[in-house]
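Take a look at the structure below.
Taken together, the values in this text are just the output of simple stated rules run on the coordinates, not laboratory data. These numbers were taken from a predicted model, which means no experiment stands behind them. Here the Cβ is made from the backbone with ideal geometry for all residues, glycine too, and neighbour counts use every protein chain on show.
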Amino acid sequence: MADQQDLPEGSVQNIMDQESLKWVFVGGKGGVGKTTCSSILSILLSRVRTSVLIISTDPAHNLSDAFQQRFTKTPTLVNGFTNLYAMEVDPTVEQEEVGGSDGMDSMISELAGAIPGIDEAMSFAEMLKLVQTMDYSVIVFDTAPTGHTLRLLQFPSILEKGLAKIMSLKNKFGGLFNQMTAMFGMGEDFGEDAILGRLEGMKDVIEQVNMQFKDPDLTTFICVCIPEFLSLYETERLVQELTKFEIDTHNIIINQVLYDDEDVESKLLKARMKMQKKYLDQFYMLYDDFNITKLPLLPEESLWLRKKLD
C-alpha cells in the first residue's frame, strides 16, 4: 500500500456531483469541527443547487456563531446568499410544542409517553414533516456528537415500532377509547379515529423518510474526525452503526492535520506530526474504499471566533 502522504488529496467533489442527494448528515466526535465542515459543505452545495437548508440538531448550537447570524427553528436566509437557509432545532425540547397542554396534541403526547424514546421520535417526525413541505433541493444536518446522532438516526424505527404498538392497543380495546372520550364530553374531534388518523399521518411521513434515509441515491453520511486514537475509534463505531442502519457513508473528513515542514524545529510539533501520521495511515488502511479529505490545522482561529474574543 502507498504511503498516505503520496496519495492524491481527496475532496467532497463527489457530494457536489451527486445531484440526486436530498439528505446529507455530517457527524462525529465532539470538538472535531462538524459545524465548520457542514457550514462549508452547505456553502459549496449552494453553488450547484437551487436551494440548500442546513439544520443544526445539536442542543449546543454553533450555526449562529459560524455565520454570525441568529437562527431559530424557522428556516432563515443566510446573509450574503440567495439560496442558503439555516435553522436550529433541538429534538429533545421541541416535543413540548408537539404535545401541548390541552386538546388532541396533549392526548397524543400522553399516549406516546408510554413508549420509551417515542417522544423525541415524534418531535423529529414533526420537524421532518415541516421540512418536507418546503421545497429545498438538499438538506444538510449539522448533528450533535456521535451518541446523540445515532439516537436521531434510530428515530424512524422507534416511531414505527411505537405506532405499531399503539395500533395493537387499539385493536385490543376496540371502542373503549371512544366510550371514554364520549363520557368526558370530548366530542368526535378527540375520538379514536381522529387521534389514530393523526398518528397514522405521522407514521406515513416517517416510513417515507426511513426509506429515503436508506437510499444511497438520496442520503449519505459524512464522518468528521481528527487524527487521534479516540476519534479513530469513534469513527469506526459510527461507520459500523451506520452500516447496521443501512445508511450510506463513503466520505471521511480528517480535520486539524499538521503537514510536515522541514523547517519545523519544535519537538512538540514533530511529536504531534509523528503521532498524526500513525493514525492517518490507519484511517487510509481501514477506509481504503472511502473518499478521504484532509483539512489542515490552521495557524489562527476562524474569523467569527476571533471577533467574539476581541
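Grab the beta carbon distance between Y259 and F81, set R0 = 41 Å, and tell me the FRET efficiency rounded to 0.05.
With R0 = 41 Å, the Cβ-Cβ based efficiency is 0.85.
Which order results if E300, E234 are arranged by neighbouring Cβ count within 10 Å, fewest first?
Lowest to highest Cβ neighbour count: E300, E234.
Return the sequence-ordered ³J(HN,Hα) values of segment 243-256 in whole Hz as given by the Karplus equation 6.51 cos²θ - 1.76 cosθ + 1.60 applied to θ = phi - 60°, using x for Gly and Pro.
Karplus values, whole Hz, x for Gly and Pro: 4, 5, 7, 6, 9, 5, 8, 8, 10, 10, 10, 9, 9, 6.
If you rank M273, M16 by fewest surrounding Cβ atoms within 10 Å, what's the result?
Final ranking by Cβ density, sparse to dense: M16, M273.
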